[in-house]
1. Gap in Å between the Cα centre of region B:20-53 and the Cα centre of region B:242-260?
2. Sort region A:1-100 into rounded, prolate or oblate with this rule: let a ≥ b ≥ c be the square roots of the eigenvalues of the Cα gyration tensor; rounded if a/c is under 1.5, and if a/c is not under 1.5, prolate when a/b is larger than b/c, oblate otherwise.
3. For the protein assembly as shown, what does the alpha-carbon gyration tensor say about shape, rounded, prolate or oblate, given a ≥ b ≥ c as the root eigenvalues, a/c under 1.5 as rounded, and a/b over b/c as prolate?
4. How much accessible area per residue does region B:3-475 have, counting only protein heavy atoms and a probe of 1.4 Å, in square angstrom?
5. Tell me, what HN-Hα J-couplings in whole Hz come from the Karplus equation 6.51 cos²θ - 1.76 cosθ + 1.60 at θ = phi - 60° for each residue of region B:204-210, using x for Gly and Pro?
6. Skipping prolines and chain starts, which residues have an amide H placed within reach, meaning under 5 Å, of the one on B:N350, given they are 5 or more residues away or on another chain?
7. For chain B, what is the charge dipole size about the Cα centre, in debye to the nearest 20, if Lys and Arg each add +1 at the Cβ and Asp and Glu each add -1 at the Cβ?
8. Could you order B:V46, A:V23 by accessible surface area, starting with the largest, using a probe radius of 1.4 Å?
Amino acid sequence: MGAIEIIFYLFSAILIGSALSVVTVGNPIYAVLFLVLSFFSAACIWLLMHAEFLAIVLVLVYVGAVMVLFLFVVMMLDVNVNPLKEGFARYLPVGLLVAFAMALQMFLVIWTRGLESMPMPEPKPDDYSHTTELGMLLYTKYLYAFEVAAVILLVAIIAAIALTHRQRPGTRKQDPARQVQVKRSDRVRMVKMQSEGEEN
Amino acid sequence: MTVAELQLALPEIFVLTMACVVLLADLFISQDRRGLTHLLAVLTLVFAAILTLRVMLPPGEVLYAFSDTFVRDRFGDVLKVFAYIILAGVFVYAKHYLRQFNLFKGEFYTLSLFALLGVMVMISASNMITVYLGLELLALSTYALVALDRDSRFGSEAAMKYFILGSLASGLLLYGMSLIYGATGSLNLADVSAALGGGAGDSMLLTFGLVFVVIGIAFKLGAVPFHMWVPDVYHGAPLAIALFISSVPKLAGLALAIRLLDNGLIGLHGDWQGMLVVLAALSLVLGNVVAIAQTNIKRMLAYSTISHMGFMMLGILAGTPEGYAAAMFYAIAYAIMSAGAFAVIILISNGDREADQLEDFKGLAKRNPWHAFLMMMILFSLAGVPVFLGFFAKWQVIAAAIGAGFTGLAVLAVVMAVIGAFYYLRVVKLMYFDEPEHESAITAPVDFRAVLTINGVAVLALGIFSGGLITLCVSAFV
């Protein structure tokens, strides 16, 4: 067993272990962190297959952005996890069925094609970069499509703002211009009163 | 990429730039001078039309750009020019409505211009990726437009339905495209067509892919049985948005069908023809029959759209240049008529509520004879009464269906057109033979009245002199 196999089995074990933990741990924060770990292990397996761009994107986008967002949501919403854990026995048969179907599908694909039909990719020369190749393709052949996709993102931003940014009556909002103009007399009222201690 | 390639896409680049300019300029325009945004948007359309017409290609010439993802041909040019003209009309109609209902915001113009860009990308697509991206650009903009009136419960509900069903349809279309890619090895429509001509591809995979693509197209056109979203969206959306959805995107729907089915999958014509026959027949029957039962005129026009899309498919399913020209003529005619019909509803609405009930049309002839007359012409045209535009449109597609050997379907279309005439003529009866329920005068700004008059007269004039428009459509498919 060579170094590559050792690395593969190591990260696969971590991946499977952390994926199992995502669904079994009680604390949702731990679940999100285990999901981060499983994404990271998956990224390392991508690296083994010389797909360094995918590996980096997986870490940057999923771990760096999506999961952090997830963490925010989990922390901000006080999710009561106990009701979610109910009915484990009731849902178990369905879960097993889905797991069995997926395992069967994977088995059929590998069994009909054979593992030999999916060899390890040949290592590319050292100066070869997936990122450069993808960039070349995106900015030459698919330039037009790339630009249209960018416009779609712009529309998404405009639409999101147009639909959420509005002034409803009765909502409390800050007006910084008025806040900085406030004077002491607007906030503090001096009251003359007799001191309590000296009376008796 | 060369300068020549960029020049081919000049209208698209211009519309994109101006959409961004409108977006930014609108920030600095105060609410009482919002008319400037409107003016800027209309000017954008005028100059886009000039840019498109400046290098209008002669019939038969096809130019590709950006590694064959963009195509410029006469079909696209003609369709784009009509999209500009109709959208300019929509802007004028919408301004009056948006003012009355406190929706006069810059976002309407920005999102509409981006939707137009999506329509243009779809019209000029020669690659399945570009088709899909154009479709998504149009769809995302319209989802947001439908929800523009945030205080309307119906608007939000309609937007939600539209979004979910629309995303589902996009997903199906994308799935079909990926299967076709798997079978033919190319996303480029010309290459797909060549591969199919060479007998390449797993026929099972191709058939599955084709089914998904046709379902996606039918969803976007609103053909039965994929029409569920149409009545709810027309009903729930603000009138100005329903006006927009019922006009310009129909041209894009036609382009979507022609680009995918003809430019890409003509090798499978025998397969998709059968599917379109079923879709067209169901749309014709259900659209016309259910429209009779409607008391809300927006819903009635929605079912009328479904039936009109059935008519349009009669032309597409023929699979011949004549058939496509007929379908193109139908799409343009329908967009013009539909814009006019919605404009009259806007005209009789006032700031309190939309006049979307049939009763609101009672005695319109007494309250406002000229506009009632215009509405009558538009309704006659939608029904397909001779000498009006709609008659020649129906004639063309039915002739195309007969030419393709579908006499039974053509007979069904004629019968359904007669049944459909009932609900259009019912509105005419309400306008001319019923007493008005209230006497208040109907007023509209002068630009609104001018465009509505042009629109109504165009329905008659383009009908009497339909030869010019027909020649233009035929020249697109040489």
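The values are calculated or read from the model by the stated rules, or taken from the named source; none is laboratory data. From a predicted model like this one, the values you see are computed outputs, not experimental measurements. Cβ: placed from backbone, ideal geometry, glycine included. Neighbour counts: every protein chain shown. Keep in mind that these areas ignore ligands, DNA and RNA; they rest on the heavy atoms of the full protein, side chains included. Shrake-Rupley method; radii C 1.70, N 1.55, O 1.52, S 1.80 Å.
1. 23
2. Taking the square roots of the gyration eigenvalues as a ≥ b ≥ c, region A:1-100 is oblate.
3. Oblate, because a/c is 1.5 or more while a/b does not exceed b/c.
4. Using a 1.4 Å probe on heavy atoms only, each residue of region B:3-475 averages 34 Å².
5. 4, 4, 5, 5, 4, x, 4
6. Close amide H contacts, sequence-distant or interchain: B:A355.
7. Working: 25 positive and 29 negative charges, 134 e Å.
My answer is approximately 640 debye.
8. A:V23, B:V46
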